[in-house]
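To start, the structure under review is shown below, and the notes come after it.
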Amino acid sequence: MNGERPTVFVVDDDDSVRRGLERLLRLRGYRVESFASAEEFLQQEIKYQIVCLVLDVTLPGINGLEVQNFLLQQGILVPIIFLTGHGDIPTAVRAVKSGAISFLTKPCGEAELVSEIENAFAICRKELETRCEVTDIRHRYATLTERESEILSFVVSGKLNKQTASELGIVENTVKVHRRRVMRKMHAESLAELVKMTQKLNLYQQRPRV
Amino acid sequence: MDAVIEESAEHFVGTNGQYRSFLDAAPLLMCVLDTQLRGVYFNQNWVSFTGHRQGDLLGDQWVSDIHPQDRDRCFAGMRKALKAGERFDSEFRLRRFDGEFCHMSISGAPQFSREGRLEHYISTITDVSARKVAEDALRHSELHRHAVFGSSVGHVAVIDCAGRIIGVNNNWLRFARQQSGRLRCVGCGVNYLEVCKCAMNDGDPNAEAAYHGIIAVLNGSVPEFIMEYRCPTPGEELWFEMVVHPLCRQEGGGIITHLNITKRYRAEVQAQTLLHELAHVSRVAVLGELTASVTHELSQPLMAIQTHAQAAKRVLAIKGAAQSEIEELVTDILADNSRAERILQQLRALLKKGRVGLKPLKVNNLIRNVADLLEDEATKRKVKVSLHLDPALPQVLGERIQLQQIVLNLMVNAFEAMRGVKTGGRELAIETAAVEGDRVSILVRDNGCGISSDKVDRVFEPFFTTKPDGLGMGLAICRSIVEVHGGRISVANNAEKGVTFRIVLPVLGKGNL
């Protein structure tokens, strides 16, 4: 669905390792951008959708775990594959708990690395898909009239047509008409689907239920 | 008084008036004794020396002035001479008028009558007190000299200014007797310098050093000469210390002492072996703490090799791939391989137990090696390591591993000390410089927590530690290593923050070996 060429960011302070990874991953057909330090990488704006970060844990200055924290705080979603020369368990646990895809010990094989990179891309694609879907739903939601979105909130909270009618002070048939129109505009085939859509939009979570 | 004596005295004086005035005029104590050794006449000097009157000396009375302890011995000798009609010489102590006993030498000449009959002895007495005192002093000093000389555990020889041996003690003789060949005869009369020269010509480097050392002491250009040397005796290997001192007299000369220091030497060797083992254990322990960093250091080139090789495989699979691309990959693989090898070599050297021995070393290189090995640890601990190495630094003589261990320990200590410093401010600087003309200094400066002033003097003591899980051996071992290398190590708090460790080592060829 998305024809974008996947991009791997490599951050490693070891020149030879960096160069080797860059060359190998390019031969695998990825776009590769490499950086000798976390600072250099963080100055970069991530313009691509399908990306992953191959990150050395031990770096001069800001280290790998700190990069991960920084990205989390900034809400920048990049799947991270950690590389380390010495896989100590506490560090690995911390990294994975904070959402790292995996924690590989150097030297690691091409197959292992590429499989993790593909995992990362799959996550990106899935995320992207979800993001597209949400945009769609948001568009459809925007076409609803004020009354229709009001009716929608009653429907998804499980109210019967009769209850809705009495609360809004209208006749039940009018509610039914509105409801049909909401279903059509939102492209929902069932009530369950409609509920899912509102959940994806995160519509009624911040507000207290009526 | 015996009538006979009185008569004989009367007789002597009467018949020898001239003789008497001659006796009285002599500047000595003189007396005439008869054949029974009884006093017949005592001259004026005698009378005034003893403070008695003539009449109180005659006969056996004069004997009472002789010291009771000397009487028997003295008279035995005189009687023997008398029997044989010969002159006698003896010594005794004679009481002076003030009661003091003085050492006297008596000498009696027999006087015969015309018929050849022994008539009397004319005895002369000289005061030998002064001589006696001098003799006693001499005997005393001789005794003293003998006691010192003889009881010295060393082999002692005294030489004159030309190197000729003029005296040896028993130990010297005993040792010489145990030797074979030329050395067997090295005793009085032999020129020691010649002995050294012969050995020199046989290629004995110790003999050459000894030769020049002795000459330097003899001509006064050095106050003493000390040399330790190995002596391959037939039985066992012995170690000696040779000391040459000048002989304090006008004609010059010297005293040569060879002291057997084999026991001391063995103890030193044993202590060094222990230090060596301890140093190894502590080194391995430090490296153990650094496992994470060290493995990381090794994993980098391995990772690089892996990626290069896999890339090469991919390139080879492409039809018509450029030869140059493959070449580049293989070159990269080889470069990373030698990098891994270097790291392994350094590690192996540090983990090794055997002695490598003293070698000329470039201090800068060994500091760089350790800094490389700790690069990852420094990165992990966010410490900025800077090296300021004097490019013109002279070489030192030392054991590479041991000196590296010092740098390793000091660096790891500095890392620990900077734990509490906020990141971005942790700085470790190592500086080398040529100092004091013939020395090399290594400074290791951190800006960590420092050492409280009451502990700064104790950090080099064994089992002294400020770390909760420290053994307290690191710096003690550092100090021992530095001292074995003839150097010094010290520490001082910096004016602002942290401490500086200072190591000073002698330059190759000066003060070591």
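The values are calculated or read from the model by the stated rules, or taken from the named source; none is laboratory data. As the structure is a prediction and not an experimental result, all values here were calculated from the model. We place every Cβ from the backbone using ideal geometry, glycine too, and count neighbours over all the protein chains shown.
Here are some notes:
- All conditions in (1) within 22 Å of B:Arg381 (Cα to Cα); (2) within 13 Å of another protein chain (Cβ to nearest Cβ); (3) of a type in the set (S, T, N, Q) hold for A:Ser34, with the sole exception of (1).
- Out of B:Leu397, B:Leu350, B:Leu358, sole residue that is in contact with a Pro (Cβ under 9 Å, 6 or more places away or on another chain), more than 14 Å from chain A (Cβ to nearest Cβ), within 19 Å of B:Ser480 (Cα to Cα) and hydrophobic (A, V, I, L, M, F, W, C): B:Leu397
- The number of residues in the range B:76-100 being touching a Leu at 6+ places or on another chain (Cβ under 7 Å) and either free of Cβ contacts under 8 Å to residues at least 40 places away in the same chain or of a type in the set (Val, Ile, Thr) (or both) comes to 1.
- The sole residue among A:Glu39, A:Glu45 that is without any contact (Cβ under 8 Å) to a residue 12 or more places away in the chain and of a type in the set (D, E, K, R) is A:Glu45.
Conditions (1) within 12 Å of chain B (Cβ to nearest Cβ); (2) surrounded by 20 or more Cβ atoms within 10 Å (Cβ to Cβ); (3) part of a helix (DSSP H, G or I), marked per residue:
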| position | (1), (2), (3) |
| --- | --- |
| A:Thr58 | yes, yes, no |
| A:Asn69 | no, no, yes |
| A:Ile76 | no, no, no |
| A:Ile81 | no, yes, no |
| A:Gly87 | yes, no, no |
| A:Ala92 | no, no, yes |
| A:Phe103 | no, yes, no |
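- Residue within the range B:320-330 that is β-branched (Val, Ile, Thr), assigned to a loop (DSSP other than H, G, I, E, B) and in contact with a helix residue (DSSP H, G or I) (Cβ under 7 Å, 6 or more places away or on another chain) present: no
- Of all the listed residues (A:Glu150, A:Glu118), the sole one being away from chain B (no Cβ under 14 Å) and at pLDDT below 90 is A:Glu150.
- Consider the range B:161-192 and keep the residues that are of a type in the set (Lys, Arg) and more than 20 Å from B:Ile214 (Cα to Cα). The one that is nearest to the chain's Cα centre (by Cα) is B:Arg174.
- Residue identified as within 11 Å of another protein chain (Cβ to nearest Cβ) and within 17 Å of B:Thr291 (Cβ to Cβ) among B:Asp372, B:Asp376: B:Asp376
- When B:Leu397, B:Leu408, B:Leu508 are checked against the criterion of being in contact with a helix residue (DSSP H, G or I) (Cβ under 7 Å, 6 or more places away or on another chain) and crowded, with 17+ Cβ neighbours inside 10 Å, B:Leu408 stands alone in meeting it.
- Check on B:Val195, modelled with pLDDT under 90 and assigned to a loop (DSSP other than H, G, I, E, B): no
- Subset of the range B:305-324 that is among the charged types (D, E, K, R) and surrounded by fewer than 16 Cβ atoms within 10 Å (Cβ to Cβ) - its residue that is farthest from the other protein chains (Cβ to nearest Cβ): B:Lys319
- Qualifying residue in the range A:11-30 (condition: touching a residue at least 40 places away in the same chain (Cβ under 8 Å), within 20 Å of A:Val114 (Cα to Cα), β-branched (Val, Ile, Thr) and in contact with a helix residue (DSSP H, G or I) (Cβ under 7 Å, 6 or more places away or on another chain)): yes
- Long-range neighbours under 8 Å by Cβ, at least six apart or interchain, first residue over 22 Å from A:Val51 (Cα atoms) and in contact (Cβ under 8 Å) with a residue 12 or more places away in the chain within the range A:77-100, second among the β-branched types (Val, Ile, Thr) and surrounded by fewer than 22 Cβ atoms within 10 Å (Cβ to Cβ): A:Gly85/A:Thr105; A:Gly85/B:Thr295; A:His86/A:Thr105; A:His86/B:Thr291; A:His86/B:Thr295; A:Gly87/A:Thr105
- Condition check for A:Thr7: farther than 27 Å from B:Ile318 by Cα and not acidic (Asp, Glu): no
- Scope the range B:244-301; condition closer than 29 Å to B:Asn337 by Cα and among the charged types (D, E, K, R); matching residues: B:Arg283, B:Glu289, B:Glu297
- Qualifying positions in the range A:5-21 - facing chain B (nearest Cβ under 9 Å) and over 21 Å from B:Glu297 (Cβ atoms): none
- Taken together, B:Phe112, B:Phe92, B:Phe97 contain a single residue that is at pLDDT 85 or above, surrounded by fewer than 16 Cβ atoms within 10 Å (Cβ to Cβ) and closer than 25 Å to B:Ser48 by Cβ, which is B:Phe97.
- B:Arg249 vs. criteria surrounded by fewer than 16 Cβ atoms within 10 Å (Cβ to Cβ), in the same structural domain as B:Val156 (by TED's automatic domain parsing) and under 28 Å from B:His485 (Cα atoms): no
- Test: residue in the range B:379-400 that is closer than 22 Å to B:Leu278 by Cβ and touching a Ser or Thr at 6+ places or on another chain (Cβ under 9 Å): no
- Looking across the range B:400-431, the residues that are polar (S, T, N, Q) and under 22 Å from B:Ala476 (Cα atoms) come down to B:Gln402, B:Gln404, B:Gln405, B:Asn409, B:Asn413.
- B:Arg283 fulfils the conditions (1) surrounded by 20 or more Cβ atoms within 10 Å (Cβ to Cβ); (2) facing chain A (nearest Cβ under 9 Å); (3) of a type outside the set (Gly, Ala, Ser) except for a single criterion, (2).
- If you go through the range B:162-192 and keep only what is touching a helix residue (DSSP H, G or I) at 6+ places or on another chain (Cβ under 7 Å) and in a strand (DSSP E or B), you end up with just B:Ile165.
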